[in-house]
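The structure appears below as structure tokens.
The values are calculated or read from the model by the stated rules, or taken from the named source; none is laboratory data. Quick caveat, the model's predicted, so the values are computed rather than measured. In this analysis, Cβ positions are derived from the backbone assuming ideal geometry, glycine residues included, and neighbour counts consider all displayed protein chains. These accessible areas exclude ligands, DNA and RNA; they are computed on the full protein's heavy atoms, side chains included. Shrake-Rupley method; radii C 1.70, N 1.55, O 1.52, S 1.80 Å.
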Amino acid sequence: MPSLSADKTLVMTATYNELENLPSLTEEIFRFAPQVDLLVVDDNSPDGTGQWCDRQAAVDPRIHCLHRQGKLGLGTAIVAGMRYALEQGYRYVVNVDADFSHHPKYLPAMIEGMDPPGGPSIDVMIGSRYVPGGGVVNWPLKRRLMSRGVNLYARWLLWLKPKDCSGGYRCYRTATLAKLDFDQIRSRGYSFQEEILWLLRRAGARFGETPIIFADREKGTSKINSREAVNALRIILRLGLQNLLGR
């Protein structure tokens, strides 16, 4: 049975060594969206991120912690958060990066945009860098071109309409997520962002985009590497071939 959270929103963030960022991020999330709950999915961070979360959860019922045995990949962490949201009966689940690249100030627009007055409901609201009003700061030209290229690659191969298919700042309607078989998801890393949109498109989901300004982390270290980037391109290609073959 769903919990009393049935009409609430769960904000989730996946962490590995984010103790420098998580306390401030938590404060900002509740400043801009005090009505939400927060789930931290921690991959056994050696810096004490998980232990900090446990201490906060003991005094704030809005905070929840999910501890995993080790680094199992960003995609699997987000799936774990989605499963939790479904099990606990939340209406929406929002994924936010723990490094402040996804600023909590955009949470109200993302959540409120799911059911706009007088308009059709949305199943996935994407915090988009590539719609009017969105953008990135402090990115070199090479990274800008790579990001644009990946988005064009994914949109073309996976038949996706959103402008920003690789960004992870998203609000999902859990009733729509319930239509998916999470066990079919191949992506463990960053290609999860494109694969979940592909699966949701096939399930008839409606997509929306709201502008955000994406900023690189100021504290801690990035977890992405070239090997994972190449693997992401390979997975997207495989999914695109499934489109062409009608599978």
FRET efficiency, Ala175 to Ala109 (Cβ-Cβ, R0 22 Å, nearest 0.05): 0.55
Rounded, prolate or oblate: which fits the range 137-219, taking a ≥ b ≥ c as square roots of the Cα gyration tensor eigenvalues, rounded meaning a/c under 1.5, else prolate when a/b beats b/c? prolate
Given springs between every Cα pair under 10 Å in a Gaussian network model of the chain, which of Pro34, Pro140, Pro61 has the largest fluctuation? Pro140
Compute the distance in nm between two label points, each set 7 Å from the Cα along the Cα-to-Cβ direction, one at Gln51 and one at Gln35. 3.7
To the nearest 20 debye, what charge dipole does the range 123-247 have about its Cα centre, counting +1 at the Cβ of each Lys and Arg and -1 at the Cβ of each Asp and Glu? 240
Would you list, by chain and number, the aspartates and glutamates whose Cα falls below 14 Å from the Cα of Lys71, excluding same-chain residues fewer than 8 positions away? Glu18, Asp42, Asp43, Asp47, Glu228
Nearby aspartates and glutamates by direct alpha-carbon distance to Lys105 (threshold 12 angstrom, same-chain neighbours under 8 apart not counted): Glu27, Glu28
Student exercise, the chain dipole from Lys, Arg, Asp, Glu Cβ charges, in Debye to nearest 20: 1120
If R0 is 41 Å, what FRET efficiency do you get for Leu152 and His67 from their C-beta distance, rounded to 0.05? 0.60
Answer in debye to the nearest 20: the dipole magnitude of the range 47-103 about its Cα centre, from +1 Lys/Arg and -1 Asp/Glu charges placed on Cβ, is 180
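Give me the 1.4 Å probe accessible area per residue for the range 57-102, excluding ligands and nucleic acids, in Å².
Using a 1.4 Å probe on heavy atoms only, each residue of the range 57-102 averages 42 Å².
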Please compute the volume of the convex hull spanned by the alpha-carbon atoms of the chain and report it per residue in Å³. 131
Sticking with the crude label model, points 7 Å out along Cα→Cβ, report the distance from Trp159 to Glu27 in nm, one decimal please. 4.8
Just the isolated ones, please: cysteines in the chain lacking another cysteine beta carbon under 4.7 angstrom. Cys165, Cys171
